[in-house]
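Have a look at the structure below, then the notes.
What follows draws every value from the coordinates through simple rules; no lab data is involved. In this text the structure is predicted, and so the values were computed from the model without any measurement. Positions of Cβ are backbone-derived with ideal geometry, glycine not excepted, and every protein chain shown enters the neighbour counts.
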Amino acid sequence: MPIMLYNTAHRRKEVFHPLFEGRVGMYVCGVTVYDYCHIGHARSAIVFDVLAKYLRARGYELTYVRNFTDVDDKIIDRARQLGKDPADLAQEFIDAFEEDMARLGVGKADREPRATEHIGDMIRMIEILMEKGFAYESDGDVFFSVEAFQDYGGLSGRKLEEMKAGSRIAVDRKKRHPMDFALWKSAKPGEPCWESPWGPGRPGWHMECSVMSNRFLGPTFDIHGGGRDLLFPHHENERAQSMAANGADFARYWVHNGFVTVESEKMSKSLGNFLTIRDALGAYHPEVLRLFLLSKHYRSPLDFSRDAVRDLQAGLVRIYRTLQRLEERIGPEPAAGTGEPGALSGNPEDPFLTQFVSLMDDDLNTAAATGLIFEKVKELNRRMDAIDSGDEVREDELVDERSRLLLAARVLGLLNHPPAEFLESLARPAGEPDAERIDRLVAERTEARSRKEWQRADEIRDELQKEGVILEDGPGGTAWRYEIR
């Protein structure tokens, strides 16, 4: 089965045929670095990280480009408020973004250009647009003429006449049409600026992505991604100016991920529900967050709620306990053997991997793929239960089953930790653990149980449970662990 992707430009799923056989170029709009990133940014980053991992696992040679917008009105305004240099502020939040992504298991893109590194190329593209009659200068600003580009609105499905009639954009007498957008902005006092044929200034926001995608992927490339909020006007404008300047097609497949709400409300600082990645990582393990953000189809809206995240955390704990159980039976996982490029190329012979590939080929259906992983874990537990009951199952079969499970999970960026390490990281005892005291109480409880002093045994159990310590009675005695909350 070929890979199918939903192409926003055509409003349908389409068979993915790259421009060059075996090679894929993908550009994803990055962040504007004026603040810490929120959970919506995390969803987009993880979705396209998984798409990159999956394309490589399917045998494609991928060039993945994700930019940083490091000069923008928001950056300038925030720097002014904080009394900082805009470039220093941008670098501070680039560093913060990279820390957040590393914790979430999001790999770096092959190219991560910054807008300020390509100002000269942007000026040259603006000059080309002016020469071709798609742009005009007005008092030091340069605007793209939407009326000059016949297919404006072709990506978002909007008609120019309707956009003009419903426009709420403030009147700008420099523009010929209210929907015309800035390619170059003349400098205001104290702002970062660069010299240009139209005077000192800086590029408009949309221009940077056109130039940087062209620089690293060529005028026409395979996949352009980003959040659905970027569809209009950013991607519409980016597409128009790129096609007008290059006289060629731009992105062949447009892929957009859905919005994230928090407790059924749109994120807003005024509502007090603005959830940064750092806030979320302070409350949940990174893999728990990653699993949650992949638990719905990437195009669907996703509501962040504590209950939903806790439920998925409990599910992930069950998976890691199964892996721990497997370790006890067949030993730890070898260091190598999962995640190699091309690991899922062709048609896998194993039924589990065949089904995983089928689900992921169907427009990156991570929701169904994670469900498949949970089912595989249940099957592994049943097989180990059967062994405990006396059935003969070869250990090498369990080794192979675990390898296939981990191969699929790691395409999704999951199950990357040793089981004991993951489970221990979720245990949150209050204060410093007093292991000697806990051992002493467990021994006292064991003695009480042997004397059938059930009330005292229950009192000890309850006392420890209040401290976050769980007792597990078994044939070999009583083990204890910290509660996973």
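Taking every DSSP bridge with both residues inside the chain, close to 55 percent are antiparallel.
Helix 306-330 and the longest principal axis of the Cα set of the chain meet at an angle near 60°.
Computed over the stretch 435-482, the alpha-carbon pair-distance distribution with 5 angstrom bins reads 5, 22, 36, 27, 9, 0, each value a whole percent. Here the dipole of the stretch 435-482 is about 100 debye; that uses its Cα centre as origin and unit charges on the Cβ of Lys and Arg (positive) and Asp and Glu (negative).
In the chain, the longest principal axis of the Cα atoms and the axis of helix 351-361 are about 30 degrees apart.
The ranking of H256, H234 by Cβ neighbour count inside 10 Å, starting from the fewest, reads H234, H256. Expressed in Å, the radius of gyration and Dmax of the Cα atoms of the chain are 27.2, 95. Shown for the stretch 4-257 is the translational diffusion coefficient from the Stokes-Einstein equation, using the Kirkwood radius over Cα pairs, a temperature of 4 °C and a viscosity of 1.567 mPa s: 68 µm²/s.
Take every pair of alpha-carbon atoms less than 8 Å apart whose residues are at least six positions apart; their mean separation over the length of the chain yields a relative contact order of 17 percent. Within a straight-line Cα-Cα reach of under 21 Å, K74 can be paired with the following lysines, leaving aside sequence neighbours fewer than 8 residues apart in one chain: K84, K185, K188, K266, K269.
By the count of neighbouring beta-carbon atoms within 10 Å, fewest first, F274, F149 end up ordered F274, F149. Measuring nothing but alpha carbons in the stretch 46-101 and taking Rh as the Kirkwood radius, the Rg to Rh ratio lands at 1.19. Using the Cα centre of the chain as origin and beta-carbon charges of +1 (Lys, Arg) and -1 (Asp, Glu), tell me which of S210, G133, L62 is placed farthest towards the positive end of the dipole. So the residue we want is G133. Taking the fewest neighbouring Cβ atoms within 10 Å as the starting point, the ordered list for R228, R402, R11, R440 is R11, R440, R228, R402. The angle separating the long axis of helix 39-57 from the principal Cα axis of greatest extent in the chain is about 80 degrees. With N counted as the residues of the stretch 304-425, its alpha-carbon radius of gyration over 2.2 N^0.38 Å works out to 1.08.
Counting only Cβ charges, +1 for Lys and Arg and -1 for Asp and Glu, the dipole size of the chain around its Cα centre is about 1260 debye.
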